[in-house]
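Here is the structure we will look at, set down as structure tokens.
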Amino acid sequence: MNIHEYQGKDILKRYGVRVQEGIVADTAEEAVEAAKKLTEQTGTSWYVIKAQIHAGGRGKGGGVKLAKNLEQVQEIAGNIIGMQLVTKQTGAEGRKVHKVLVAQDVYYPGESETKEFYMSVLLDRATGKNVIIYTTEGGMDIEEVAEAHPEKIHKEYIDPRVGLQGFQARKIAFNLGVEGEAFKEMVKFVAALYKAYDDTDSAMFEINPVLKTSDNKILAVDAKVTLDENALYRHKDFAALRDTNEEDPLEVEASASNLNYVKLDGNVGCMVNGAGLAMATMDIIKLSGGEPANFLDVGGGANAQTVEAGFRIILKDPNVKAILINIFGGIVRCDRVANGVVEAYKNIGDIHVPIIVRLQGTNAEEGARIIDESGLKVYSAVLLKDAAQKVKEVLAEQNIA
Ligand code: GDP
Ligand code: MN
């Protein structure tokens with residue numbers, strides 16, 4: 001689950017990570033009040049207005065702007081709130097901005113230069129360890145750095161059983177070339193960042209840029225945080241951090257019905273019980289000349305309600321030209337699933353795409369009979385190869401494959 005920059009920074013602060021301070025606002029007027037408060041709290045006279053969306057690259061897309069007085073805060077916040085912000089990570093349609101973070105300007109001049117670094121903590125599945133990835137080339141696109149200067153990207157692996165060791169934090173600070181007070185600050189920053197990542201069971205904390213200020217403080221200017229959904233039950237308070245504005249509406253609807261649904265770009269919708277079978281079914285769709293329109297795992301107990309909820313979600317995707325239902329009757333009986341399909345079909349009415357139902361397992365033959373005798377535009381199959389052949393035929397009828 002992704003969260004906003006301002007929420008990520010709140011978490012970081014709780015663990016003692018120094019951050020660029022800010023106050024979130026929903027309107028231009030609130031942004032002005034936020035700016036006044038921020039000046040009381042931090043003494044800042046300039047502000048940075050930052051669009052809060054779940055995507056990076058906001059700066060280049062025009063979603064991060066400097067304001068030098070309250071009039072500019074009002075004007076810039078007014079422009080950014082409500083805009084459709086397009087960045088490298090949003091796709092061409094962009095994301096609507098609902099909130100801005102009014103942040104203190106931390107690039108003020110001083111005794112030494114400011115310097116931007118990159119640092120992220122994530123799980124490395126290959127080694128089964130956590131890894132801190134960092135480079136002196138912060139602020140810009142990390143993918144570009146990885147391409148042009150792979151040698152400048154450092155990785156520090158951390159054994160989760162022993163945690164981050166002091167020497168590792170010092171090595172990172174050393175490799176980043178910071179000295180004196182900034183070195184001590186960086187060591188503390190790394191330790192606190194790792195603790196925040198570890199304690200919250202997160203999948204990723206990415207801080208780009210990590211800033212060395214002109215007075216040698218180290219702070220997080222940005223925070224991109226992905227919480228591990230499988231661990232959310234251990235952090236009940238994180239549920240409030242979810243922002244469904246940022247999610248695909250069909251995925252939101254599916255999660256409300258406890259369905260594992262991921263929208264894809266293809267033309268054949270599928271509904272399957274079990275993630276492995278779902279993957280195999282997507283392969284079969286491709287082999288039949290179609291493209292999967294989604295991944296949908298209805299779980300072990302497929303019943304009329306889950307089948308209907310799945311149907312409704314798949315049918316809302318205008319790209320869907322055929323639906324393949326592939327259910328293995330292990331825990332659930334095929335005749336019950338078949339009845340569920342027929343019932344759901346009748347409840348929804350007006351289904352305009354051909355449906356192929358492949359039922360295998362307990363009472364498979366009876367399931368096929370129920371489908372065949374329903375009088376609906378639903379085709380049954382027992383063998384997966386027959387189902388694939390049928391998908392091919394219905395696509396060919398529509399001149400698709
Ligand atoms: P992103 O573009 O979505 O990654 O958003 P960031 O939070 O990283 O901000 C983008 C850029 O805005 C940063 O790389 C900085 O160059 C700039 N920026 C952020 N905070 C400040 C600030 O306090 N003062 C100034 N002058 N620039 C800032
Ligand atoms: Mn950034």
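Given a Förster distance of 35 Å, report the FRET efficiency between Thr244 and Ile348 from their Cβ-Cβ distance, rounded to the nearest 0.05. Present the calculation step by step, with values, prior to reporting the outcome.
Working: r = 24 Å, r/R0 = 0.69.
In this case the efficiency is close to 0.90.
What is the list of residues in segment 279-307 whose amide nitrogen lies under 14 Å from a point 7 angstrom out from the Cα of Glu93, following Cα to Cβ?
In segment 279-307, the label zone of Glu93 (backbone N under 14 Å from the point 7 Å along Cα→Cβ) covers no residue.
Got a number for carbon plus sulfur as a percent of the chain's accessible area, 1.4 Å probe?
Details: 9510 of 19050 Å².
The C+S portion of the solvent-accessible surface of the chain is 50 percent.
Gap in Å between the Cα centre of segment 299-351 and the Cα centre of segment 204-225?
Result: 48 Å between the Cα centres.
What accessible surface, in Å², does a 1.4 Å probe find on Val19, ignoring ligands, DNA and RNA and rounding to the nearest 10?
10 Å²
To the nearest 10 Å², what's Phe183's accessible area with a 1.4 Å probe?
Its accessible surface works out to 60 Å², give or take rounding.
Considering all alpha-carbon pairs of the chain, what whole percent are spaced by more than 31 angstrom? Display every interim value, and only then the final one.
Values: 40797 of 80200 pairs.
Of all Cα-Cα pairs in the chain, 51 percent lie more than 31 Å apart.
Given axes a ≥ b ≥ c from the Cα gyration tensor, I'd like to know whether segment 248-397 is rounded (a/c under 1.5), prolate (a/b larger than b/c) or oblate. Write out the running numbers ahead of the final one.
Working: a/c = 1.28, a/b = 1.10, b/c = 1.17.
Since a/c stays below 1.5, the shape of segment 248-397 is classed as rounded.
Would you mind getting the accessible area per residue of segment 248-397, heavy atoms of the protein chains only, 1.4 Å probe, in Å²?
Details: 6540 Å² over 150 residues.
Value for segment 248-397: 44 Å² per residue.
What Rg and what Dmax come out for segment 73-151 when only alpha-carbon atoms are used, in angstroms?
Radius of gyration, then largest Cα-Cα span, for segment 73-151: 17.4, 49 Å.
Any chance you could give the angle, 0 to 90 degrees and rounded to 10, that helix 180-199 forms with the longest Cα principal axis of the chain?
Around 20 degrees separate the two axes.
Suppose R0 equals 41 Å; then what is the FRET efficiency for Lys316 and Asp141 from their Cβ-Cβ distance, rounded to the nearest 0.05?
On the way: r = 35 Å, r/R0 = 0.85.
That gives a FRET efficiency of 0.75.
If one takes the longest principal axis of the Cα atoms in the chain, at what angle in degrees, from 0 to 90 and to the nearest 10, does the Cα axis of helix 334-348 lie?
Between helix and principal axis, roughly 80 degrees.
Leaving out same-chain residues fewer than 8 places away, which aspartates and glutamates sit with a Cα under 12 Å from that of Lys129?
Qualifying aspartates and glutamates at Cα under 12 Å: Glu156, Asp159, Asp198.
Mind ranking Thr136, Thr200 by accessible surface for me, highest first, 1.4 Å probe? Let's see the in-between values first.
Working: Thr136 40, Thr200 5 Å².
Highest to lowest solvent-accessible surface, that is Thr136, Thr200.
How do 259-267, 239-247 rank on mean C-beta neighbours within 10 Å, highest first? Can you show the working numbers first?
On the way: 259-267: 17.1, 239-247: 14.4.
Put in order of decreasing packing, that is 259-267, 239-247.
Compute the length gained on full extension between Ala304 and Ser45: take 0.36 nm times their separation in residues and subtract their Cα-Cα distance, giving the result in nm to one decimal. Let's see the in-between values first.
Details: separation 259, 0.36 × 259 = 93.24 nm, distance 6.09 nm.
Value of the extension gain: 87.2 nm.
For Lys37 and Asn230 in one chain, what is 0.36 nm times their gap in residues minus the Cα-Cα distance, to one decimal in nm?
Details: separation 193, 0.36 × 193 = 69.48 nm, distance 3.75 nm.
Net length gain for the segment: 65.7 nm.
Given the rule -39500 (n - 2.57) for each run of at least 4 DSSP H residues, summed and divided by the residues of the chain, what is its mean residue ellipticity at 222 nm, to the nearest 500 deg cm²/dmol? Can you show the working numbers first?
Numbers: 13 runs with 148 residues, N = 401.
Taken over the chain, the calculation gives -11500 deg cm²/dmol.
Taking the inverse of the average 1/r across all pairs of different Cα atoms in segment 21-105, what Kirkwood radius in Å do you get? Before the final figure, lay out each step's value.
Values: mean 1/r = 0.0805 Å⁻¹.
Final number for the Kirkwood radius of segment 21-105 is 12.4 Å.
Rounded, prolate or oblate: which fits segment 335-400 when a ≥ b ≥ c are the square roots of the eigenvalues of the alpha-carbon gyration tensor, with rounded for a/c under 1.5 and prolate only if a/b beats b/c? Mind showing how you got there, number by number?
Numbers: a/c = 2.61, a/b = 1.18, b/c = 2.22.
Oblate is the answer for segment 335-400, as a/c is 1.5 or above yet b/c matches or exceeds a/b.
Can you tell me the 0 to 90 degree angle between the C-alpha axis of helix 70-80 and the longest principal axis of the chain, rounded to 10?
So the helix axis and the longest Cα principal axis differ by about 20 degrees.
How charged is the neighbourhood of Asn339? Take every other residue with its Cβ under 12 Å from the Cβ of Asn339, and add Lys/Arg as +1 and Asp/Glu as -1.
Once positives and negatives cancel, what remains is -1.
Charges at C-beta only: +1 for Lys and Arg, -1 for Asp and Glu. How large is the resulting dipole of the chain about its Cα centre, in Debye rounded to 20? Display every interim value, and only then the final one.
Working: 46 positive and 58 negative charges, 100 e Å.
In debye, rounded to 20, the chain gives about 480.
The values are calculated or read from the model by the stated rules, or taken from the named source; none is laboratory data. Just so we're clear, the structure is a prediction, and the values are computed from it rather than from any experiment. Cβ coordinates were reconstructed from backbone atoms using ideal geometry, including for glycine residues, and neighbour counts include every protein chain displayed. SASA here: full protein model, heavy atoms, side chains in, ligands and nucleic acids out. Shrake-Rupley method; radii C 1.70, N 1.55, O 1.52, S 1.80 Å.
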